[in-house]
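Colleague: Below is one structure. I have some questions about it.
Nothing in this text is a laboratory measurement; each read-out follows from the coordinates by a stated rule. In this text the structure is predicted, and so the values were computed from the model without any measurement. Every residue, glycine among them, receives a Cβ derived from its backbone with ideal geometry; neighbour counts consider all protein chains shown.
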Amino acid sequence: MKRFFITGGGTGGHIYPAIAVADALKDDDIFYIGNPKNLEFDIVKQKGYKFLGVNVHGMPRSFGLDFIKWTFQLIFAVLKCCFYVLKYRPDAVFGTGGYVSAPALLAAKVMRVPYMMHDCDAQPGLVTRKIAPYASCVSLAFDCAKNYVNNKNCNINGNPIRAEFKTLSKEDARKILNLENRLTLCIMGGSQGARTINDASVDILKQLSKEYNMQIIFQTGRRNFEVVIEQLLKVYPEYETDKNLIIKPYFDDMVTVLKASDIAISRSGSLSISEICASGIAPIFVPYPYAAADHQRKNAKFMVEKGAGLYIEDSELTANKLMETVKYLVDDKNKLEAFQKNAFSLAKFDGTEKIVQQLKNICNICYNNNVVLKDRS
């Protein structure tokens with residue numbers, strides 16, 4: 001049995017790929033490093049993995065007092081992760097990029113523990129670009145991401161997705177959610193929600209349900225749920241009696257939600273795209289305009305070029321524009337099926353298995369040369 005540190009957090013796009021890899025390493029000893037104040041804490045605890053906390057936040061965009069405080073915070077987080085390495089002696093560290101993974105990956109470099117990184121986006125983030133050159137192996141979701149990473153051992157694996165995407169049928173997913181076997185729309189703005197998507201969607205829920213008899217699964221985000229309900233009561237007071245609507249702040253089981261759906265209105269984080277493709281959904285993307293390096297817009301444009309999605313700028317999103325785009329798919333079954341087919345053709349179901357094999361390979365290659373790992377007694 002090997003021991004692995006898995007790290008990644010802050011958003012679902014960093015957490016769920018890490019969880020997918022952790023799940024695939026179920027016969028090994030897993031420790032998850034993350035911020036106990038973030039979403040990853042609850043998810044990891046539900047999974048039953050051992051959680052090691054670090055206090056780390058995103059880097060301020062400008063130099064000043066906040067940047068100095070952040071620098072000291074990062075140093076302390078790295079030192080804490082070095083302590084974790086000395087205490088638990090991992091065979092390797094796997095991180096999914098983002099600020100939460102930085103301390104554990106930097107500690108691995110300092111302590112000479114082999115580490116592997118995975119980056120979900122067409123243009124890798126800052127942490128990946130800076131730390132990847134020293135990694136034993138780098139996994140990427142997009143071939144074009146290679147242009148931004150200085151590491152000779154790069155592999156294009158796609159994103160690691162949860163095993164249920166391969167096994168759960170649309171019919172079974174709908175039964176789990178008490179939905180009928182007919183046209184279903186998923187509205188989601190990522191794990192944090194998206195205010196612009198919510199605002200535009202609220203005004204068209206009644207029309208979609210009543211005129212098109214469409215089932216709608218709406219994840220508002222925890223921060224936005226009360227605002228959405230307040231808005232919805234104004235335009236559709238009787239919404240609670242509408243059996244076509246499922247509205248929640250957050251769904252713990254997004255696999256079932258996506259597998260039950262035919263169309264999705266979504267941000268264009270890379271993990272969302274991977275899971276949409278694996279579910280054979282026709283997506284309408286609304287990229288988050290302030291994403292680092294504008295990676296969401298680049299992800300969305302990639303999908304549009306492949307004929308696997310539609311795209312609306314966040315600044316141009318209105319209820320009318322969104323309704324017009326949904327109708328474009330609903331009114332033409334051939335177009336809807338073409339988008340679904342093209343999206344599904346981009347799905348990579350073996351990403352997790354490839355990453356796990358590469359992670360185990362670096363353990364075998366590096367073990368004999370790594371002093372830190374010699375003794376766990």
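Colleague: Considering the dipole of the chain built from charges on the beta carbon (Lys and Arg +1, Asp and Glu -1) around the Cα centre, which of Ala122, Cys81, Val330 is farthest to its positive end?
Modeller: Of Ala122, Cys81, Val330, it is Cys81.
Colleague: Specify which residue in the list Val44, Leu359, His14 is farthest towards the positive end of the charge dipole of the chain, using unit charges on the beta carbon of Lys, Arg (+1) and Asp, Glu (-1), about the Cα centre.
Modeller: Leu359
Colleague: Further question: How many Lys pairs in segment 106-229 lie less than 20 angstrom apart by Cα atoms, where the lysines are 8 or more positions apart or on different chains? All intermediate terms of the calculation are to be shown ahead of the outcome.
Modeller: On the way: Lys109/Lys130; Lys109/Lys152; Lys130/Lys146; Lys130/Lys152; Lys166/Lys175.
Step by step, the pairs that qualify in segment 106-229 add up to 5.
Colleague: Place a +1 charge on the Cβ of each Lys and Arg in segment 206-291 and a -1 charge on the Cβ of each Asp and Glu, then give the dipole magnitude about the Cα centre in debye, rounded to the nearest 20.
Modeller: 140 debye
Colleague: Sorted by average packing, counted as other Cβ atoms within 10 angstrom per residue and highest first, what order do 127-138, 172-183 take?
Modeller: 127-138, 172-183
Colleague: Could you work out the relative contact order of segment 4-151? I mean the mean sequence separation of Cα pairs under 8 Å and 6+ apart, divided by the number of residues, in percent.
Modeller: 21 percent
Colleague: About the Cα centre, and with charges only on the beta carbon of Lys, Arg (+1) and Asp, Glu (-1), how big is the dipole of the chain? Nearest 20 debye, please.
Modeller: My answer is approximately 1360 debye.
Colleague: Using unit Cβ charges (K, R positive; D, E negative) and no other charged atoms, how large, in debye to the nearest 20, is the dipole of segment 236-377 about its Cα centre? Provide the component values of the computation, followed by the final result.
Modeller: Details: 18 positive and 19 negative charges, 138 e Å.
So the magnitude is around 660 debye.
Colleague: Over the chain, what is the mean sequence separation of C-alpha contacts under 8 Å (at least six apart), divided by residue count, expressed as relative contact order in percent?
Modeller: The value is 16 percent.
Colleague: Here's something else I'd like to know. Which of the listed residues, Ala173, Phe5, Ser315, is farthest toward the dipole's positive end in the chain, when Lys, Arg count +1 and Asp, Glu count -1 at the beta-carbon?
Modeller: The listed residue farthest towards the positive side: Phe5.
Colleague: Also, quick follow-up: Expressed as a whole number of Å, what is the distance separating the alpha-carbon centroids of segment 275-317 and segment 26-92?
Modeller: Centre-to-centre (Cα) distance: 30 Å.
Colleague: Compare the peptides 146-153, 243-250 by average per-residue count of other Cβ atoms within 10 angstrom and give them in order, highest first.
Modeller: Packing proxy ranking, top to bottom: 243-250, 146-153.
Colleague: Suppose we keep just the alpha-carbon trace of segment 51-106; what are its Rg and Dmax in angstrom?
Modeller: 12.1, 38
Colleague: I would also like to ask the following. Over segment 164-345, what is the relative contact order in whole percent, taking alpha-carbon pairs under 8 Å and six or more residues apart? Write down the numbers at each step before the final one.
Modeller: Details: 319 pairs, mean separation 42.4, N = 182.
Reported relative contact order: 23 percent.
Colleague: For the peptides 346-357, 67-78, what is the packing order when you average, over each peptide's residues, the other Cβ atoms within 10 Å and list the highest mean first?
Modeller: Put in order of decreasing packing, that is 346-357, 67-78.
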